[in-house]
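The values are calculated or read from the model by the stated rules, or taken from the named source; none is laboratory data. Keep in mind the model is a prediction, meaning the values are calculated, not measured. Note that each Cβ is placed from the backbone with ideal geometry, even for glycine, and that neighbours are counted across all protein chains shown.
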Amino acid sequence: MSPVQQFLASPNRIRHSKRRVHWGRWGVHAVLLFYTFLALGPTLLVIANSVKSRKAIFADAFSLPSAETFDLAGYETVLSSSSFDVYFRNSFIVTVTSVLLVVFFSAMAGFALAEYDFKGNTLLALYLAIGIMIPIRLGTVSILKLMVSLHLINTLWALILVYTAMGLPLGVFLMSQFMRQVPREMKSAARVDGATEYRVFALVLRLVRPGMAAVAVFTMLPVWNDLWFPLILAPSEATKTVTLGASAFLGQFERNWGALLAALTLAMVPILLLYIIFSRQFLRGLTEGAIK
Amino acid sequence: MENRLTEAEPVVTEKLPPGGGSTVRQIPRSGSPARRRRRWGPILVFLMPATIIYSVFMVYPLLDSLRRSFFNDDGNYAGLDNYDTLFTNPAFSDRFWDALGHNFQFFAFHILLQNPVGLLLAVLLTAQSVRGLNIYRTMVFLPTTLSVVIVGFIWRLILSPLWGVTETVGIDTPLLGEPLTVLPTLSLISVWQWVGIPMIFFYAVLIAIPKDLIEASQVDGAGSWQAFWNITFPLLLPMLGIISILTFIGNFNAFDLIYQVKGVVAGPDFASDILGTFFYRAFFGASGTTGSAAMGATVASVIFLIILVGVLLYMFVWQPRVSTYEL
Amino acid sequence: MRKLMKWTVLAMAFSLIAAACGGDDDGAAATTAAPTTAAPTTEAPPPPTTEPEPEEVTISIESWRSDDQAIWDDQIIPAFEAEYPHINVVFAPTPPLDYPAALQTRLEGGIAGDLITCFPFDRSRELYEDGHLAPLNDLDGIAGFGPSAQNAWLSADGSTPYCLPVASIIQGFFYNVDAFDELGVSVPETEGEFFDLLQTILDDGAYTPIGIGLSEWEAEHILFQNIGANYWKGEEGRLALIGGEDKVTDQEYLDTFATMARLGPYMHPGASGIGYQDGKILFETGQAAIYPGGSWEISGFDENADFEFSAFRTPRPDGQDSCYIVDHIDLAIGLNPASSNAEAARTFLSWAATPGFAGIYTGALSGFFSLQDTPVEYNHPVAQEFVSWRQDCGSANRTGYEALDSGEPAFPIELREVSNAIILGNMTPQDGARRLQDGLDSWYTPGG
């Protein structure tokens, strides 16, 4: 018998206690503060130095910009020569479209798998779940040839299709778990009222919004951050994503640290702002997905 | 991309039922909810899009890659020749075994550092009666949202001997330049970026554990530490397994960070070469050389086999030994 | 949660707007399919409907020279378009790191540009043999290049040129003239003088004697090739290595490596962690007195260095009278056979064979030298310095980039790792040479 089971069998279990867990409150703060410093330090170092003059950057990396060392030359260089807006747009289109496709297609498939008892249900569920275990990157050689024959190279569609395929296995799995929790009575009632299966699906969809958010969040991060497929399937100037674009964009300024630090700051600040604004929803999406 | 989020697996532990009572029982692995028998029309409509896209853009390429590894670049059947080249031609095999070894080191750093640190942070973030935990949670997860390119650049600058940041903190070795330090340094950068993932997964499990469970155990005289080991830790074990296998899959696919920081030749003298960069070179070549699609497919197939072994070990050795509980 | 959904919808709306109005700048370099909300399909998006007017055509040039974008846009293209108003040219470079893979993908995908910038020797020959570069036998102006220029882009039987030679570069050692004056030292002629000079700079302590990074390719491309050319007697030695008469384990290579190993102590102590760009920063910011490099750096140094700089040629080994410089045939332009505007592209190539083009190109890009038979005047004093070495010294292409790079392990990549390790003192010259020769012996048959 495991300790958990032993414990659960013990009669003390029902008694409640006012005793608090003994976490040294300050100890908790100290460790978390230290880690927060570790997590933010490098980012802040970059941002702080991006508004300093080139001399000051090298002279003392750790000093905050002062009236003497404040210098926006880096930003001027970067902003005068960048197609970053294009990269940003591409990433945005690719991420949003892939996320939407994954969310809706997984909801549909998840609904079918959870709702209907048909021949091959378990087998299909298993087939769709295998993809969770196998990284799609290993099929790159064939994906490239496939995209070439479909004339999709250097189009955003190539990326969207690959990312959708990549996100579906987990999406379907999560959605079918969420779908199973929807109360049966509600669906029966709708069917008695003469609703079609599509109408029932639409009703259910409203109830599994937390699940959809979880799938969206899980799909978003790897798509936004991927460097591999943009590099291979869509490396043209017009289809570069932020991640690939940043690599080239930053490369231009490699010998001008002022501009480089400014470029880095410009590349990460939008994401950081979005993240901080939506962090509650974002992290909730993650936790809801994690415990399904 | 380490720890790819999309490759998560479910934890079978379920949330507190609405009633609030914490009856815990071990649940059977295959739940079979009541299902409706219906006409095929809607079923097909619901299943079609996902199944087709998944089959065409994921399953087919993976199977086709496997097939290609048995052909040469001109399309002629080559049997096991490509595998023979990979394992017996020193130009490939030396690099392959090096890359594999490096990959295991890379993985070890993540298993031994990223996951324990993630767990520690998650435990602290669920500590009771401490204010401001949400702020910490947001901040600790922040590096995970940054793109690998940015992370690579940030650390390249910070570790550059030109800037002198490392000298200020007492390190005067060029960490990314020396054969002995380059791989550990890259591993630590990767851990730095991805620690948020295990943290958030553990966190999700921890907040689902009813407080009265822990409290009651302390009534029994258990200290915090004991309560953690006896109650919390067993409940975390299934998640630990999932995170470990995800880390394994992610690490054996890693490419982006090393490509960004060290390029495809992954120097110095291949000291930071892992399977992902080796795969890229085999497929596309590197400066001044041309790659081979057939060798690329062969390397991919071998990586696939390695991951498969890991996943099978997880499924047949780890999973049966770990109990899951419904709270 | 509601907030998140709202945001998603907003985001979707935004992406649609962006997709709708962001129409692709010129549509020449590549076609972008802007996704729509229409039911997702696996079909290819419809081809762009903007058919060029019969008399107006747009051609695009693939290149790895992202640094030259402004010069093409502001000087070269306007000059061409002034002569041929009906042809629009787009210079569409890909950064060097991504260029080979990206180009290969685009050629196979049938979406590469009309004109393709060619690397010398095997890499382009493979493209030609795979049918990705068109034969240029009948191109107007192709005859205006001598055999030494055209040689790097000729079919295996020597009959068919497939790229039009554009530029070569010369390698040497840049130095900070102000720093040399301040220290009262002068340019070295021989290796003995060179090492005395380095010791003087080191003892003085104000400057790092040599600013160069050892984490990328410069040790091989610059130091190995610069120093070695004197030892293996330029082209003669390069061809002898290809022909199998010479081995990497021969004395001239061991001597080259030994000289390189002696340079290590004069570099930045963190050199192994310094990349190509950071190495240049060391020189530009006045921290290093000497930068071993190639003439292509001239315009960058013009822009970034606030002191006078010049260059000296690689010092000769003591007791040797002859000298050899790396005068590498670097860059050519070829025609994509899949181009739908082949006529316009050929017009551009013929124009690129004229002295007019050479004048504009080399004038705008100081440090790139014309490969045409017609001589060209160079204005930049440092460029003149580089070119002047041709009078006294023999020329050599970089060794290892013909024939020796087409098998595994590839010679250039091994050479790069070995060069770095030898300078850092992590490998002896003997071990390095042995490793390189063993690598070659495992697959390379001279003349085969």
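The table that follows gives values for the structure above.
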quantity: Unique residue being touching an Asp or Glu at 6+ places or on another chain (Cβ under 7 Å) and surrounded by fewer than 24 Cβ atoms within 10 Å (Cβ to Cβ) when the list is A:227, A:231; calculated: A:227
quantity: Residue that is nearest to residue B:253 (Cα to Cα), among those in segment B:91-124 that are small (Gly, Ala, Ser) and surrounded by 21 or more Cβ atoms within 10 Å (Cβ to Cβ); calculated: B:99
quantity: Count of segment A:134-176 residues which are farther than 29 Å from residue A:89 by Cα and over 18 Å from the mean Cα position of the chain (by Cα); calculated: 2
quantity: Condition check for residue A:179: in a helix (DSSP H, G or I) and in contact with a Phe, Trp or Tyr (Cβ under 8 Å, 6 or more places away or on another chain); calculated: yes
quantity: Those helices (runs of 4 or more DSSP H) lying entirely in segment B:41-111 with at least 1 residues within 8 Å of chain A (Cβ to nearest Cβ); calculated: B:60-68
quantity: Members of segment A:69-81 found to be surrounded by fewer than 18 Cβ atoms within 10 Å (Cβ to Cβ), small (Gly, Ala, Ser) and either in contact (Cβ under 8 Å) with a residue 12 or more places away in the chain or within 14 Å of chain B (Cβ to nearest Cβ) (or both), listed by number; calculated: A:73, A:81
quantity: Residues (crowded, with 18+ Cβ neighbours inside 10 Å and either over 29 Å from residue A:127 (Cβ atoms) or not basic (Lys, Arg) (or both)) located in segment B:55-70; calculated: B:57, B:58, B:59, B:61, B:62, B:65, B:66, B:69
quantity: Odd one out for residue C:154 among (1) hydrophobic (A, V, I, L, M, F, W, C); (2) surrounded by fewer than 21 Cβ atoms within 10 Å (Cβ to Cβ); (3) out of contact with any Pro (no Cβ under 7 Å at 6 or more places or on another chain); calculated: (3)
quantity: Residues satisfying the stated conditions in segment C:158-178, i.e. surrounded by fewer than 21 Cβ atoms within 10 Å (Cβ to Cβ) and either part of a loop (DSSP other than H, G, I, E, B) or of a type in the set (Lys, Arg) (or both); calculated: C:158, C:159, C:160
quantity: Checklist (1) outside any loop (DSSP other than H, G, I, E, B); (2) among the polar types (S, T, N, Q); (3) at positive phi applied to residue A:219, failing item; calculated: (3)
quantity: Qualifying residue in segment A:92-101 (condition: facing chain B (nearest Cβ under 9 Å), touching a helix residue (DSSP H, G or I) at 6+ places or on another chain (Cβ under 6 Å) and either closer than 30 Å to residue B:314 by Cβ or in contact (Cβ under 8 Å) with a residue 24 or more places away in the chain (or both)); calculated: yes
quantity: Residues that are surrounded by fewer than 24 Cβ atoms within 10 Å (Cβ to Cβ), touching a strand residue (DSSP E or B) at 6+ places or on another chain (Cβ under 7 Å) and in a helix (DSSP H, G or I), drawn from segment C:248-288; calculated: C:263, C:266
quantity: Failed condition for residue A:199, given (1) assigned to a helix (DSSP H, G or I); (2) touching a residue at least 60 places away in the same chain (Cβ under 8 Å); (3) out of contact with any helix residue (DSSP H, G or I) (no Cβ under 6 Å at 6 or more places or on another chain); calculated: (2)
quantity: The lone exception for residue A:239 - which of (1) surrounded by fewer than 20 Cβ atoms within 10 Å (Cβ to Cβ); (2) at pLDDT 85 or above it fails; calculated: (1)
quantity: Only one of A:111, A:105, A:84 that is more than 10 Å from every other protein chain (Cβ to nearest Cβ) and surrounded by 18 or more Cβ atoms within 10 Å (Cβ to Cβ); calculated: A:84
quantity: Residue selected from segment A:145-179 under the condition more than 7 Å from every other protein chain (Cβ to nearest Cβ) and of a type in the set (Ser, Thr, Tyr), by the criterion nearest to residue A:216 (Cα to Cα); calculated: A:163
quantity: Per-region count, segment C:276-301, residues more than 13 Å from chain A (Cβ to nearest Cβ) and either more than 20 Å from the chain's Cα centre (by Cα) or not aromatic (Phe, Trp, Tyr) (or both); calculated: 7
quantity: Some residue of segment B:164-176 being within 14 Å of chain C (Cβ to nearest Cβ), touching a residue at least 40 places away in the same chain (Cβ under 8 Å) and not basic (Lys, Arg); calculated: yes
quantity: Scope segment A:148-169; condition assigned to a helix (DSSP H, G or I) and hydrophobic (A, V, I, L, M, F, W, C); matching residues; calculated: A:148, A:156, A:157, A:158, A:159, A:160, A:161, A:162, A:165, A:166, A:168
quantity: Residue count, segment B:267-295 (criterion: more than 10 Å from chain C (Cβ to nearest Cβ) and under 22 Å from the mean Cα position of the chain (by Cα)); calculated: 8
quantity: Matching residues in segment C:391-425 - criterion: being surrounded by fewer than 18 Cβ atoms within 10 Å (Cβ to Cβ) and either aliphatic (A, V, I, L, M) or over 29 Å from residue C:331 (Cβ atoms) (or both); calculated: C:425
quantity: Sole exception among (1) over 28 Å from residue A:243 (Cα atoms); (2) within 14 Å of chain C (Cβ to nearest Cβ) for residue B:236, by number; calculated: (2)
quantity: Candidate set from segment C:200-232 (those that are over 26 Å from the mean Cα position of the chain (by Cα) and in contact (Cβ under 8 Å) with a residue 60 or more places away in the chain); member that is surrounded by the most Cβ atoms within 10 Å (Cβ to Cβ); calculated: C:201
quantity: Residues of segment B:207-221 satisfying the condition of being crowded, with 18+ Cβ neighbours inside 10 Å and more than 9 Å from chain A (Cβ to nearest Cβ); calculated: B:209
quantity: Filtered residues of segment C:405-434 (kept if over 19 Å from residue B:177 (Cα atoms), within 10 Å of chain B (Cβ to nearest Cβ) and either in a helix (DSSP H, G or I) or among the aliphatic types (A, V, I, L, M) (or both)); calculated: C:410, C:411, C:412
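Residue by residue, here is whether (1) in contact with a strand residue (DSSP E or B) (Cβ under 7 Å, 6 or more places away or on another chain); (2) more than 9 Å from chain B (Cβ to nearest Cβ); (3) surrounded by 22 or more Cβ atoms within 10 Å (Cβ to Cβ); (4) charged (D, E, K, R) holds:
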{"position": "A:133", "(1), (2), (3), (4)": "no, no, no, no"}
{"position": "A:136", "(1), (2), (3), (4)": "no, no, yes, no"}
{"position": "A:143", "(1), (2), (3), (4)": "no, no, yes, no"}
{"position": "A:185", "(1), (2), (3), (4)": "no, yes, no, yes"}
{"position": "A:195", "(1), (2), (3), (4)": "no, yes, no, no"}
{"position": "A:198", "(1), (2), (3), (4)": "no, no, no, no"}
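Conditions (1) modelled with pLDDT of 95 or more; (2) buried (at least 22 other Cβ atoms within 10 Å of the Cβ); (3) among the basic types (Lys, Arg), marked per residue:
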{"residue": "C:83", "(1), (2), (3)": "no, no, no"}
{"residue": "C:90", "(1), (2), (3)": "no, no, no"}
{"residue": "C:96", "(1), (2), (3)": "no, no, no"}
{"residue": "C:102", "(1), (2), (3)": "no, yes, no"}
{"residue": "C:108", "(1), (2), (3)": "no, no, no"}
{"residue": "C:113", "(1), (2), (3)": "no, yes, no"}
{"residue": "C:116", "(1), (2), (3)": "yes, yes, no"}
{"residue": "C:120", "(1), (2), (3)": "no, yes, no"}
{"residue": "C:127", "(1), (2), (3)": "no, yes, no"}
